[in-house]
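Input: a single structure, listed below in structure tokens.
The values are calculated or read from the model by the stated rules, or taken from the named source; none is laboratory data. This structure is a prediction, so every number in the text was calculated from the model and none was measured. In this analysis, Cβ positions are derived from the backbone assuming ideal geometry, glycine residues included, and neighbour counts consider all displayed protein chains. All accessible areas refer to the heavy atoms of the entire protein, side chains included, with ligands and DNA or RNA removed. Shrake-Rupley method; radii C 1.70, N 1.55, O 1.52, S 1.80 Å.
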Amino acid sequence: MKSYKYLLIAVLVAIPVLGGSAYLCASELEERRIEELLARTPGQIVARMSLEDRVGQLIHIGMRGKEARGAVLQEISAFRPGGVILFAVNLGDAEQIARLNAGLQAHAIRTNGIPLLISTDQESGRVLRIGPDGVDQFPSAMALGQSGDPELAREVGFVTGYRLRKLGVNFTLAPVLDVNNNPANPVINTRSFGSRPETVASIGGALARGLRESLSIPAIKHFPGHGDTSVDSHLDLPVIHKSLEEMQKTELAPFRAAIGEGAEVVMSAHIVFERLDRQNPATLSPRILKQLLRDELGFQGMVMTDAMEMNAISKRYPRGEAAKAAFKAGVDVVLLTSDGAIIRDMYRSLLAGFRSGELSEADLNRSVERQIALKLRRGLFHMHKSNRVADSAALAQFLQRQELAADEQFAAIEKKYANQGLSLNRAASRAGVRALRRDFAGLAAGDLARVHFIYRTPEAREQALELGLPEARLHRAASAPDIYMMLRLRQANEIWLVELDDLWTGAWNRLERILARTPEARLKGPTIALHPGNPFLMLHTPAEGAVLCAFAPTEEARRALVYRALRGGPARAADLVLPAEP
């Protein structure tokens, strides 16, 4: 009898365990079926597409205006592009953006049943296409890098992607994984997460992860690295002379890490890497895109070009030949940021190349499958009711679960910062403020009574008032001479904050040199410059005082500078390769 008792206990204990195992097995089988479906369906869709439809998918186009009508609809009908890129000129308030994107998608589905990838450069900081009505105006990549907080970057990426998707923008052309180790770089600077590959890999990778979790599609850029140039590829063709061994340690490290974490899209750079390929910029180089990116780094996702209208390409290569050379090099998507004749020329050149056999149709199918797979995995076919994909209840439920998880994660982030009395944007902006060249000790208790503030922007003034600085010690500066006179006449032991911008740095340097030579200069108190922009400008640090930098010209970044100066405590020096002190 005793043995039956123990057997009964064993059975009762085992039932929930076995039930759990059965549930896990069922769940695993369901996930396996979904993965098999997601792997099989792109090929089936591509097999039913005409050559003209497949060639169209290789091209993403720009448009004019803010409405889904006229020329852009004609071009979608004529060329069946895989996507549309939007710029500030196309974008208004949230309602207009959502209406525009819905109209574009509806026309694409009517044309060939393939939904569009709709993209924009929402990097944050100084590269923001959509205003605050649609997407939070987060600080720059460099501010996030200086925060040193991957979790904060992941949340910023998630909220950015989530907000974009609610507007119908499903493809985010970010993050920038260039290591800005050249202080003279004219185009990357604060778009980079930092001057060190470890920072860029950690913080940039976290932001990309957040974008993916939001169900947005991030594009890591600009492969194999735009950070060590002194030429803007929008204007001319940069050349980098580093060896592959040198690039492995710096430029390639963040891309390698991101690919290892599941990056789905890589954007190429219009740069000649002379010791890898003497003749071709990376966008047109099989050595860089096929051998280095795919074979050596193991990237299996979609490769797209940077804008082909940029002078680095357009001033050196005929349109049609550039499109064919990019495809031969290993590109899956040719990005155009304009409309009109350039779309026609590139489409016709590619189509002729496939018809003649100059270009491989097998490679074309693989390229289109990569893009279709992204659209399928993000639910675009189901969302836009395309007849190109068989109605699958299992897949629809899978996509619904993903959407629900994203909604719950967004709500959790909002609640987390609301409980702290902050927004995520304000927390990120404050976390990114750093001093330039030397640490800032912060103000001591009681110092607020000695502070005067020369401000430029209303948000900086508003923050100072909120923190207790009286109106009488707030001074509006309309010009550099205004700043000089106010600093020249300051009293001993006063603390002066001065709000700058990128255009005032030269004037600031001249003023500092003049003021430092005045006989009574040593009797004055410290001067603290609040700089919201580019830390790589030749900005003088006062002998007594500091320069605080927010790395972004957003409203919250300007507020964060004032907060850090008055209440934020010490700020360590930025971990950046800066130019020599002027």
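Tabulated values for the structure
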{"read-out": "Farthest toward positive dipole pole in the chain [+1 Lys/Arg, -1 Asp/Glu at C-beta], among H382, V331, G210", "value": "H382"}
{"read-out": "Packing-based order for 198-204, 505-511, using average beta carbon neighbours within 10 Å, highest first", "value": "198-204, 505-511"}
{"read-out": "Rounded, prolate or oblate (a/c below 1.5 giving rounded, otherwise prolate when a/b exceeds b/c) for region 521-582 by Cα gyration tensor", "value": "oblate"}
{"read-out": "Solvent-accessible area per residue, Å², over the chain with all protein chains present [probe radius 1.4 Å]", "value": "40"}
{"read-out": "Rounded Å value of the spacing that divides the Cα centres of region 362-397 and region 437-501", "value": "56"}
{"read-out": "Lys/Arg +1, Asp/Glu -1 at C-beta; region 67-165 dipole; positive extreme among S147, G157, P115", "value": "P115"}
{"read-out": "At least 30 Å along the helix axis (C-alpha) and Kyte average at least -1.0, DSSP helices within the chain", "value": "2-47, 393-419"}
{"read-out": "Built amide H within the under 5 Å cut-off of I59, gap 5+", "value": "G82, V334"}
{"read-out": "Cross-link reach list, aspartates and glutamates versus K315, counting only Cα pairs under 16 Å and skipping chain neighbours closer than eight places", "value": "D232, D236, D306, D345"}
{"read-out": "Cα centroid separation - region 105-175 against region 45-94, whole Å", "value": "19"}
{"read-out": "Using θ = phi - 60° and Karplus 6.51 cos²θ - 1.76 cosθ + 1.60, couplings along region 186-199 (whole Hz; Gly, Pro as x)", "value": "x, 10, 8, 5, 6, 6, 8, 7, x, 9, 10, x, 5, 5"}
{"read-out": "Relative contact order computed over the chain (Cα-Cα under 8 Å; 6+ residues apart), in percent", "value": "15"}
{"read-out": "42 Å tail of the calculated P(r), the chain, as % of Cα pairs", "value": "30"}
{"read-out": "Magnitude of the charge dipole, the chain, Cβ model with Lys/Arg +1 and Asp/Glu -1, debye to 20", "value": "200"}
{"read-out": "Residue-level accessible surface for K290, protein heavy atoms, 1.4 Å, Å²", "value": "80"}
{"read-out": "Filter on K166/K415; K66/K166; K375/K415; K166/K385; K324/K385 - keep pairs with C-alpha separation over 23 Å", "value": "K375/K415; K324/K385"}
{"read-out": "Burial ranking of peptide ranges 472-485, 180-193, 334-347 (average Cβ count within 10 Å, highest at the top)", "value": "180-193, 334-347, 472-485"}
